[in-house]
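Chemist: Quick one: the structure is below, and I'll ask about it shortly.
The values are calculated or read from the model by the stated rules, or taken from the named source; none is laboratory data. Please read all numbers here as calculations on a predicted model, not as lab measurements. Note: ideal-geometry Cβ built from the backbone for every residue, glycine included; neighbour counts use all protein chains shown.
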Amino acid sequence: MKGKEKRKEIYRCLNCGWTCVILEEEAALEHCPNCLCGIHDEDREGNECGGITEPVGIWVRSEREWEIIQRCRFCGEMRATPVTEQDNRIKILSIASKPISSPPFPIERIGEMTKIMGGSGETGGK
Ligand SMILES: [Zn+2]
Ligand SMILES: [Zn+2]
């Protein structure tokens, strides 16, 4: 007879090696709480990427909701992932305080941001 067995998964960050145990009922981690990197599972067309997504900025959606803007090291696609309770606050603040071209940027301009970041580094001002 098997009782209620809780399935556990080990999350291991490919970037910094941070590990933690995730219980099945918990939501899977979208990014590593330690270094805020994640894994780019699929791009917009549904192709598997597998690249590491690095935090490039923090976007404040509202007073309580912060999102981490990540860019895939491999394909360069950007995505946003919500900040969680367990995330490394110091790391978040260090990213948030990095000089970025136009804070706070609206999410719908993310394509433009990619261009800015991959381009000449212009601030966009005239
Ligand atoms: Zn990590
Ligand atoms: Zn990717």
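Chemist: Just checking, which of Glu77, Glu85 is more than 13 Å from ligand 2 (Cβ to nearest atom), acidic (Asp, Glu), without any contact (Cβ under 8 Å) to a residue 40 or more places away in the chain and over 17 Å from Leu14 (Cα atoms)?
Modeler: None of the other options fit; the residue is Glu85.
Chemist: Does at least one position in the range 83-103 carry a residue that is buried (at least 17 other Cβ atoms within 10 Å of the Cβ), modelled with pLDDT of 90 or more and in contact with an Asp or Glu (Cβ under 9 Å, 6 or more places away or on another chain)?
Modeler: yes
Chemist: Now for a different question. Has the range 55-72 got at least one residue that is under 19 Å from Gly111 (Cα atoms) and within 11 Å of ligand 1 (Cβ to nearest atom)?
Modeler: yes
Chemist: Quick one: Cys37 ticks every box in (1) exposed (fewer than 11 other Cβ atoms within 10 Å of the Cβ); (2) more than 10 Å from ligand 2 (Cβ to nearest atom) except a single one, so which number is it?
Modeler: Evaluating Cys37 over (1) exposed (fewer than 11 other Cβ atoms within 10 Å of the Cβ); (2) more than 10 Å from ligand 2 (Cβ to nearest atom) leaves (1) as the failure.
Chemist: Please enumerate the residues belonging to the range 51-76 that are crowded, with 21+ Cβ neighbours inside 10 Å and in contact with a His (Cβ under 8 Å, 6 or more places away or on another chain).
Modeler: Residues satisfying the conditions are Thr53, Pro55, Ile68, Gln70.
Chemist: Could you tell me which residue of the range 31-54 is nearest to the chain's Cα centre (by Cα), considering only residues that are farther than 11 Å from Glu77 by Cα and more than 10 Å from ligand 1 (Cβ to nearest atom)? Spell out how you get there, then give the answer.
Modeler: As a first pass, look at the range 31-54 and keep what is farther than 11 Å from Glu77 by Cα: 31-39, 41, 45-48, 50.
If we keep only those that are more than 10 Å from ligand 1 (Cβ to nearest atom) too, we end up with 39, 41, 45-48, 50.
Numbers: Ile39: 9, Asp41: 12, Glu45: 19, Gly46: 18, Asn47: 19, Glu48: 17, Gly50: 14 Å.
Across the range 31-54, the extreme among qualifying residues is Ile39.
Chemist: Could you list, in sequence order, the residues of the range 42-90 that are acidic (Asp, Glu), within 17 Å of Cys32 (Cβ to Cβ) and part of a loop (DSSP other than H, G, I, E, B)?
Modeler: Residues satisfying the conditions are Glu85, Asp87.
Chemist: Now for a different question. I'd like to know if the range 15-38 contains one or more residues that are in contact with a Phe, Trp or Tyr (Cβ under 7 Å, 6 or more places away or on another chain) and within 21 Å of Gly111 (Cβ to Cβ).
Modeler: Taking every residue of the range 15-38 in turn, none turns out to be in contact with a Phe, Trp or Tyr (Cβ under 7 Å, 6 or more places away or on another chain) and within 21 Å of Gly111 (Cβ to Cβ).
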